[in-house]
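The values are calculated or read from the model by the stated rules, or taken from the named source; none is laboratory data. Keep in mind it's a predicted model, so treat the numbers as computed, not measured. Glycine gets a Cβ as well: all are built from the backbone with ideal geometry, and neighbour counts include every protein chain shown.
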């Protein structure tokens, strides 16, 4: 279980927020609330299936179809023996070429993920892979397809008799990591997906029982101050949270950047950094720039790695000896707390999330925590967290630009 | 040479901006203006020195001591045969452990970089490496030290008779990549540093000759609108610009987040993303959120990789066939232009930087371009781009927290 501390005042009617999210759940306006419960049957299905032997997963997906999986994969990899996942994500020529160099097509499982079924970057890379690997489609047990039921990609899977895993229609990409989108690749890579889901389920329960009041308070603070504090910085003191940071940016930015019912442009801007390294980039701006940002610090209490700064005193560098004998674990967490204190002292609203250890439960909890926080904030701002009408224009222009 | 297009109006007195930067140069308030010229003698020194044979560089540095090198390394690596550089940067226990696994201490060159000479994260990791590799210090030709003249680290280098390369005192970390900080490791890795420097020198000349008016115009726009458009998004359509993005964030955030002479908190917030992947994260917010951001698009005209989307039509996925036959190079650049057009159509101020190819000259130019843009913007905002008084408090608190 993670701990959550707010260092700002946030008066809030928790009950009405819980009720409004409960209403979304009941009405089915977003289906992510059901995912922790629904995951059980998906995992049972996966356990009952047989797959050709494989040593590598080639995952074709972008945005909501890859970021959540990547976040969990990067976080847990240091503690679990998991099969390599190659992400065919950003369709840059050098990235694809580099993936092709690593791809062992006879030993790979190909997982094709697109909610709409026609994501151009994903399908284009899959076509290039068909050509590159001379991949047969018909009845190929190495190809798995994950998409909305009855999407073009589902029809494609039926045509070639490929294994298919549906995404619930009312679960958007950025809220989908606990659906087939994340569960299938993470299970196949070898991660304990039940534990991830359990962590999420437990927190979901806790929130709806009113036992996580800090979440509603934080949402109230963000919503109340959305014009004066329009930026929310996530500062994660662990490189293994790097892709969690990216997942957060998508979740927050795409959910909360919206026109409200009256057509007003509303938006909270997510910014994600890593500590302590980005203290050397971003701290000056936090300390002396405009007070237009809140900062959430994330630290991992115990990395279960006891690498220590040796008791070496170097001539002329004695000034650095005050950290001798500390573990690096302690050093970065002390830096986290010192930075929190410094930033708070100039009036920046800060809060702290502490993960006790690197466990599947803790990352599962962190994910549902952020999804609920997003829903609560959107509900208070009077905007729809679950659509993304603004991204269509770019797609139309792209089509027009091409022959 | 890169091309620069502004898609917004920006009336501007270019002459006075050039004069004010010229004054900084003459007065020596920042020394980065001299670096392209000074690099020649540093490169000559490097060429005249002999180094023990090595196959790997272990670079100890954080923030301004590593980001610029990393930016250029990541950008050029695909086109050059260069020795591996291991970055001992963020002092997380898992990161250090993973570096130790890759480190071949008998074949490595150790480069220790700290401007102040006592950067805690850098020295702590170097101490851990001394212990881990049983590294001898006295007269060790494998250890190179880069720091300010007469810093504690310089004294340390003298004590052990280690090779030392000074950083000019009036060049701050984030402006130092064309000094010994970047030139030494990049030269030793095998990159054509003269070409990098030439690209920078040529643009510097051009700017001061008044032949890059777009730069002053952009600075004027940013300064004039700094309260209504406080965020500057860099959207780079190439994964190889990933660390350039990080370098930009430090340069922009740490230089422009300052109190002005009257004590007012001034600041422009840098945000960096990659295209097309982050269209799936951030575009919705740009399109429908508040108009509080400008966006700079960077694209690479020619990756010199002709990977093509094959002419495969998949049943039910015919909707995606409109990109068949295109190179991925063209696809991502067309996405760049389509997104630019979409974002511009809702009133977001946008501009476009085009790198013709992946060359050392082009990245050198891009670096000095951003440094000059930062100086020009700071000058218009009436703040000092070159100090970072706000970062001291956190360091003091850290010391107090520890025994």
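Scan the stretch B:189-206 and tell me whether some residue there is farther than 30 Å from residue B:136 by Cβ, assigned by TED's automatic domain parsing to the domain that holds residue B:355, at pLDDT 95 or above and touching a strand residue (DSSP E or B) at 6+ places or on another chain (Cβ under 6 Å).
no
Of everything in the stretch A:156-173, what is more than 11 Å from chain B (Cβ to nearest Cβ), more than 21 Å from the chain's Cα centre (by Cα) and surrounded by fewer than 21 Cβ atoms within 10 Å (Cβ to Cβ)? Give them in sequence order.
A:161, A:163, A:164
Filter the stretch A:145-155 down to residues that are surrounded by 23 or more Cβ atoms within 10 Å (Cβ to Cβ) and more than 11 Å from residue A:60 (Cα to Cα) and give me whichever is nearest to the other protein chains (Cβ to nearest Cβ).
Applying the filter and picking the extreme gives A:153.
Looking at residue B:366, is it under 19 Å from the mean Cα position of the chain (by Cα), within 23 Å of residue B:306 (Cα to Cα) and crowded, with 23+ Cβ neighbours inside 10 Å?
Taking the combined requirement at face value, the residue does not satisfy it.
Within the stretch B:234-245, track down each residue that is in contact with a strand residue (DSSP E or B) (Cβ under 7 Å, 6 or more places away or on another chain), at the interface with chain A (Cβ under 9 Å from one of its Cβ atoms) and in contact (Cβ under 8 Å) with a residue 60 or more places away in the chain.
Result: B:237, B:238.
Quickly run through the stretch A:345-358 and pick out the residues that are surrounded by 21 or more Cβ atoms within 10 Å (Cβ to Cβ) and more than 30 Å from residue B:389 (Cβ to Cβ).
A:355, A:358
To keep it simple, each residue is scored yes or no on (1) under 23 Å from residue A:108 (Cβ atoms); (2) buried (at least 24 other Cβ atoms within 10 Å of the Cβ); (3) without any contact (Cβ under 8 Å) to a residue 24 or more places away in the chain.
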| site | (1), (2), (3) |
| --- | --- |
| A:40 | no, no, no |
| A:43 | yes, no, no |
| A:52 | yes, no, no |
| A:69 | yes, yes, no |
| A:74 | yes, no, no |
| A:77 | yes, no, no |
| A:80 | yes, no, no |
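Considering only residues that are buried (at least 23 other Cβ atoms within 10 Å of the Cβ) and farther than 13 Å from residue A:284 by Cα, look in the stretch B:247-271 and name the one that is nearest to the other protein chains (Cβ to nearest Cβ).
Once the filter is applied, the top-ranked residue is B:271.
Can you name every residue in the stretch A:273-292 that is facing chain B (nearest Cβ under 7 Å) and touching a strand residue (DSSP E or B) at 6+ places or on another chain (Cβ under 8 Å)?
Passing the criteria: A:274, A:276, A:281, A:282, A:284, A:285, A:288, A:289, A:290, A:291, A:292.
If you take the residues in the stretch B:304-344 that are more than 7 Å from chain A (Cβ to nearest Cβ) and in contact (Cβ under 8 Å) with a residue 24 or more places away in the chain, which one is surrounded by the fewest Cβ atoms within 10 Å (Cβ to Cβ)?
In this case the residue turns out to be B:304.
One residue is enough: does the stretch A:63-72 have a residue meeting the conditions part of a loop (DSSP other than H, G, I, E, B), over 23 Å from residue A:181 (Cα atoms), under 25 Å from the mean Cα position of the chain (by Cα) and modelled with pLDDT of 95 or more?
No, the stretch A:63-72 contains no residue that is part of a loop (DSSP other than H, G, I, E, B), over 23 Å from residue A:181 (Cα atoms), under 25 Å from the mean Cα position of the chain (by Cα) and modelled with pLDDT of 95 or more.
Just give me the residues in the stretch A:129-144 being within 11 Å of chain B (Cβ to nearest Cβ) and not in a loop (DSSP other than H, G, I, E, B), in sequence order.
A:129, A:130, A:131, A:132
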